[in-house]
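Before any comments, here is the structure.
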Amino acid sequence: MKKLMLAGAAALTIALSALTPAQAEYKAEHRGGTMRLVARSAAGTLDPQINYTLQYWQIYQSVYSGLTAFKKGAGEAGFEVVPNLAEELPAASNDGKTYTFKIRKGVKFSDGRDVTIKDVVASFQRIFKVSSPTSGGFYSVIVGADACIATPATCTLEGGVTGDEAAGTVTINLTRADPEFMFKLAVPHASILPADTPTTDAGSVPLAGTGPYFFSAYDPNKGLTMSRNPHFKVWSEDAMPDGYPDVVQYDFGLTDEAEVNAVMNGEADWMFDQPPTDRLGEIGTKYKDQVYINTLTAWWYAPMNTRLAPFDNLKARQAVNYAIDRKALVNLFGGPVLAAPVCQVLPPGFPAHVPYCPYTKDPGEKWSAPDIEKAKQLVEESGTKGQKVTVIVEDTAVSKSIGVYLQSVLKEIGYDAEVKPISPNIQFTYIQNTNNKVQISVSQWYQDYPAASNFLNVLFGCSSFTEGSDSSINIAGFCDKDVETKMKDAFALAATDPVAANKIWTEVDRMVTDTAPAAPLFTPKHIDFVSKRLGNFQFNAQFYWMVTQSWVQ
Amino acid sequence: MIFSLLQRIGQMLFVMFGISLLVFLIFFATPGADPAARIAGRNASPEVLEAVRKSFGFDQPMYVQYLTMMKKIFITGDLTSFVNRGWKVVPAVMDTIPVTLSLVFGAAILWVVFALIIGIVAAATRGSWIDKILMMLGLIGISMPVYWLGEVMNLLTQSRYHDTWLFSWVPPLGYKNFSDDPKGWFLTLVIPWITLSILYIGLYGRVLRAAIVESLQEDYIRTARAKGLSETRILLRHALRTSLVAFVTLFGLDFGALVGGSALLTEVVFGLQGVGKLTYDALLNLDLPIIMTTVLYASFFVVMANAVVDILYMMLDPRVRTA
């Protein structure tokens, strides 16, 4: 198994990750045709204010727009925020607590109606009325949000979001300065929808948007169709460029093996799921011109419960970090082409990331080899030797192999370890709930937007921990006074001096890494396997492949 | 007659009630199965989690949740999925039935025809090398797991030999509606039909042969021989007819179960959006409303198929009629 993966990975190294320059001119000769995408299954509700999956966030990019957007450019250009339905990014006033957006005129929804101030105000209320997953997180900084979260049905955001029809502006007041607010406005949960959109989860009924496409049909068991929005006119190449294919047909239901076959046979233009490892060799050699590999700003990590023995002991946690052979894990994931070892929280390429690796043979910037001797010694010193430890992993091939590997490492350094794989759909909520008494588990985190707090504060902030709840993303239950104060400092500084704030985030990263509430495992990479006819592939760091920026003829 | 019909309906309701209760209780007894957090989305704040819990009625007592779900399935028909929110479950299941029926009917025709041929030929030539080869092939057919066979078929027809004359006619995986494209419907289903039926051809062929061989020892066959009937007539009119009782029993059960969703592995491998695949996806996602609906639907079909089998018995075997 391992050998096969390695062979596949070696073959993939040949594959190119070509990047075309950002902002290429629109080439009318490629316009038209039907692009067919395939995925194992649908990703839930189509409501852009509720759906919280990368699968749909990727395609929302050419359907819904917010006041701001992440730039539709290749690579890290995607981390840049640009104005979208707002004419420009407003400067903050009132100590960073007030933003006034001038709303673009002449933009139409796919049902032909104009985007008005009313729509914008209503859309912000709707975030709370439909209990969007991030309403209590991202948008709780808006004035009046507390009342809206408590009683969603009567949400008005009084004093928080107010429109001025005459001036064509919308003013948003925050309870505190939030340097990440522009990012938060750019994610699909803040999409602007018509004011009369029902204030319940739209589910499988498509809602009107403002992008170059609209959803013309959706059946979660069969597929999703995107057609051209006849009312679309380009208002910003950066925020909302026009697309090439006339129709994008997204079909659900094939297994990953069948998806690979379909792309190879030219029956599909792209597969959403990652190709199975046994096909990587073939893909990397025979189809190397059709593969794109990109590093993700994400991590695989093993959170350790800091409120439960043995990992309530700092030395025990550090021991695990020293003992893990990250190279072995990378190989389990598919080899160096598909992952890179990591021993800190912030992924490479992320704001505030400065290479740091204390848990290796020769501590420094890079991980080189595990230090088993040191680990054994730390376990000895901690007095936790011989304790029982259960590793909870997802019941998938990769996660299970990682779990079994962790078991062997834990055994080697002196614990009585076992692995418990559970269904992938339960595992993520199961490991969060303190009632389940999970000691160590394997999980992943993908960024929502490019800000250091999206890893550090979300995963290790005191406010992300809720006892006895399935939604307690601080899986390690980590709450450290010093770290918390530092994060507060960083937040406070970010509004005025983002560069200095990022320096503090770098320190926070080190502090968290040193106190080891989790064992960082590796940074995953992403494979896009496309059909022969697909042209102009561009990978955006924020929302991945820009679907409609590619052409099929 | 009316009494036995009522009895049947009573049995069916009882079975369906028992199964639905079991599915419901198992779901909520599973640790970590609480759907609220998964519905709310990752990193939802406690208040949002509470709002979702309330809007889906998870804060109600269990029996109320159960009754609400039953009401939404049978009376209002507006039960929606926990995973693909807003997706109405009953129409979704209804949509998948034609796919499963197309798959299972086609496969059933194949397996009945070929099993009859194999069973009769093997029984007629019992002991000879033809019999031995047929039985051996049957055993091989039974031993091949259907998902493995399906993947191999896919490997051959969709990948390795897709561009050769042999399999270039095989369309991409997925289902095409009969009404839109009859030819496409047929072509996409040929490989799945063969895959699904191979196991049953082997099984039924072997069962039929054994039954015929056994009934050839019966007294009435000796009587028929004594009357001077030809061997062919004895085999086809007398021995085969009673032997079909076992065949039909098996067929009823298998057919019912397959229509009810047991063809799920075949459906998954070939990307056919049938009842089985719907159930499979729902199980992966722990989507209780869909699991509940498809399980009820399946139990309905199994009970129905059994009733039909009982009636067929009476037609086939005169001894059952008087009993």
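The values are calculated or read from the model by the stated rules, or taken from the named source; none is laboratory data. Because the structure is a prediction, the values reported are computed rather than measured. Here the Cβ positions follow ideal geometry from the backbone for every residue, glycine too, while neighbour counts run over all protein chains shown.
Values computed for the structure shown
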{"item": "Verdict on residue B:60 being more than 14 Å from chain A (Cβ to nearest Cβ), outside any helix (DSSP H, G or I) and within 25 Å of residue A:469 (Cβ to Cβ)", "result": "yes"}
{"item": "Number of the condition not met by residue B:278 [criteria: (1) within 10 Å of another protein chain (Cβ to nearest Cβ); (2) within 19 Å of residue B:198 (Cα to Cα)]", "result": "(2)"}
{"item": "Residue in the stretch A:360-383 that is touching a Gly at 6+ places or on another chain (Cβ under 9 Å) and farther than 18 Å from residue A:316 by Cα present", "result": "no"}
{"item": "In the stretch A:146-163, residue farthest from residue A:192 (Cα to Cα) [restricted to those that are crowded, with 21+ Cβ neighbours inside 10 Å and in contact (Cβ under 8 Å) with a residue 24 or more places away in the chain]", "result": "A:152"}
{"item": "Flag if residue A:287 is more than 14 Å from chain B (Cβ to nearest Cβ) and modelled with pLDDT of 90 or more", "result": "no"}
{"item": "The stretch A:306-327, residues that are closer than 13 Å to residue A:477 by Cβ and touching a strand residue (DSSP E or B) at 6+ places or on another chain (Cβ under 7 Å)", "result": "A:311, A:317"}
{"item": "Those residues of the stretch A:455-478 which are under 18 Å from residue A:505 (Cβ atoms) and surrounded by fewer than 18 Cβ atoms within 10 Å (Cβ to Cβ), in sequence order", "result": "A:462, A:463"}
{"item": "Number of the exception - residue B:180 against (1) over 25 Å from residue B:262 (Cβ atoms); (2) part of a helix (DSSP H, G or I)", "result": "(2)"}
{"item": "Those residues of the stretch A:395-420 which are within 13 Å of chain B (Cβ to nearest Cβ) and either modelled with pLDDT under 90 or assigned to a helix (DSSP H, G or I) (or both), in sequence order", "result": "A:395, A:396"}
{"item": "Odd one out for residue A:34 among (1) at pLDDT 95 or above; (2) buried (at least 20 other Cβ atoms within 10 Å of the Cβ); (3) hydroxyl-bearing (Ser, Thr, Tyr)", "result": "(2)"}
{"item": "Residue satisfying condition, being modelled with pLDDT of 80 or more and more than 14 Å from every other protein chain (Cβ to nearest Cβ), within set B:72, B:54", "result": "B:72"}
{"item": "Meets criteria (crowded, with 24+ Cβ neighbours inside 10 Å and either modelled with pLDDT of 90 or more or closer than 27 Å to residue A:268 by Cα (or both)) for residue A:63", "result": "yes"}
{"item": "Entirely in the stretch A:207-252, the strands (runs of 3 or more DSSP E) that have 2 or more residues that are modelled with pLDDT under 95, more than 23 Å from the chain's Cα centre (by Cα) and within 14 Å of chain B (Cβ to nearest Cβ)", "result": "A:213-219"}
{"item": "Qualifying positions in the stretch A:102-141 - part of a strand (DSSP E or B) and touching a helix residue (DSSP H, G or I) at 6+ places or on another chain (Cβ under 8 Å)", "result": "A:103"}
{"item": "Residue count, the stretch B:235-264 (criterion: within 16 Å of residue B:105 (Cα to Cα) and either within 14 Å of chain A (Cβ to nearest Cβ) or not charged (D, E, K, R) (or both))", "result": "15"}
{"item": "Checking residue A:166 against (1) without any contact (Cβ under 8 Å) to a residue 40 or more places away in the chain; (2) aliphatic (A, V, I, L, M); (3) touching a helix residue (DSSP H, G or I) at 6+ places or on another chain (Cβ under 9 Å); (4) not in a helix (DSSP H, G or I), the condition it does not meet", "result": "(3)"}
{"item": "Set A:24, A:15: member being in contact with a helix residue (DSSP H, G or I) (Cβ under 7 Å, 6 or more places away or on another chain), in a loop (DSSP other than H, G, I, E, B) and either modelled with pLDDT under 95 or among the charged types (D, E, K, R) (or both)", "result": "A:15"}
{"item": "Subset of the stretch A:341-369 (residues that are buried (at least 19 other Cβ atoms within 10 Å of the Cβ) and outside any loop (DSSP other than H, G, I, E, B))", "result": "A:341, A:357"}
{"item": "Unique residue being in contact (Cβ under 8 Å) with a residue 24 or more places away in the chain and within 21 Å of the chain's Cα centre (by Cα) when the list is A:390, A:384, A:396, A:434", "result": "A:396"}
{"item": "Residue list for the stretch B:152-167, restricted to those being surrounded by fewer than 13 Cβ atoms within 10 Å (Cβ to Cβ) and either more than 11 Å from every other protein chain (Cβ to nearest Cβ) or in contact (Cβ under 8 Å) with a residue 24 or more places away in the chain (or both)", "result": "B:164, B:165, B:166"}
{"item": "Matching option when the condition is within 14 Å of another protein chain (Cβ to nearest Cβ), assigned to a helix (DSSP H, G or I) and touching a residue at least 60 places away in the same chain (Cβ under 8 Å), among A:262, A:268", "result": "A:262"}
{"item": "Hits in the stretch A:513-553 (condition: more than 30 Å from residue A:317 (Cα to Cα), among the polar types (S, T, N, Q) and in contact with a helix residue (DSSP H, G or I) (Cβ under 8 Å, 6 or more places away or on another chain))", "result": "A:531, A:536, A:538, A:540, A:542, A:553"}
{"item": "Selection status of residue B:214, surrounded by 14 or more Cβ atoms within 10 Å (Cβ to Cβ), more than 14 Å from chain A (Cβ to nearest Cβ) and within 30 Å of residue B:317 (Cβ to Cβ)", "result": "yes"}
{"item": "Among residues of the stretch A:124-143, those that are more than 14 Å from chain B (Cβ to nearest Cβ) and surrounded by fewer than 24 Cβ atoms within 10 Å (Cβ to Cβ), counted", "result": "2"}
{"item": "Where residue A:428 falls short, out of the listed (1) in contact with a Leu (Cβ under 8 Å, 6 or more places away or on another chain); (2) at the interface with another protein chain (Cβ under 9 Å from one of its Cβ atoms)", "result": "(1)"}
{"item": "Residue tally, condition surrounded by fewer than 20 Cβ atoms within 10 Å (Cβ to Cβ) and among the small types (Gly, Ala, Ser), over the stretch A:507-533", "result": "0"}
{"item": "Boolean, residue B:174 is within 10 Å of chain A (Cβ to nearest Cβ), surrounded by 18 or more Cβ atoms within 10 Å (Cβ to Cβ) and assigned to a loop (DSSP other than H, G, I, E, B)", "result": "yes"}
